[in-house]
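Participant: Before I ask anything, let me first share the structure, which is written out below as structure tokens.
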Amino acid sequence: MKKNNLPISPHLQIYKPQITSILSISHRITGIALNFSLIIIVLGLFCLTLGEKYFTYFIFIMSSIPLKIIMFLTILGFCYHFLNGIRHIIWDFGLFLENKSSAILGYLVVALSMISSVAIALVLELF
């Protein structure tokens, strides 16, 4: 067979997005994004070690609307990443591997992550 006649392998544009593939990509993205949120935690701890004046200033900055949105997205990413990790552990035990049950579990992870994120944000008074 000549190189000109070789079949072209399918690309992402050909595949129909499935819930499992979208959640897998989202799991990786949230894992990377959560690493960047560690910067805020480290800055908060650093301000705490510098004294009350700097920590009060840090709290003042964290109470701004844009940073409250960032914090909510961080909480949402954490809840999703945590629950999706549990879903992967369930798969490691050989459970819910069929297409239908895997999709249902995926939708459950998305719903529970949204509900738990809103609940945590309400407790932390982000809204």
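Participant: Could you figure out which of (1) within 30 Å of Ile59 (Cβ to Cβ); (2) in contact (Cβ under 8 Å) with a residue 12 or more places away in the chain isn't true of Glu125?
Facilitator: Every listed condition holds for Glu125 apart from (2).
Participant: What's the total number of residues in region 46-58 that are of a type in the set (Val, Ile, Thr) and closer than 19 Å to Phe36 by Cα?
Facilitator: Matching residues across region 46-58 total 0.
Participant: For region 71-91, how many residues meet the condition of being within 13 Å of Ala121 (Cα to Cα) and loosely packed, with under 15 Cβ neighbours inside 10 Å? If you could, list the steps in order and put the result at the bottom.
Facilitator: Just the residues of region 71-91 that are within 13 Å of Ala121 (Cα to Cα), to begin with: 71-79.
Checking the rest, the ones that are also loosely packed, with under 15 Cβ neighbours inside 10 Å come to 73.
Result for region 71-91: 1.
Only the coordinates and a few stated rules stand behind these numbers; no lab work does. Only a predicted model underlies this, so the values are computations on that prediction, with no experimental measurement involved. Methodologically, a virtual Cβ is constructed for each residue, glycine included, from the backbone with ideal geometry; neighbour enumeration extends over all protein chains shown.
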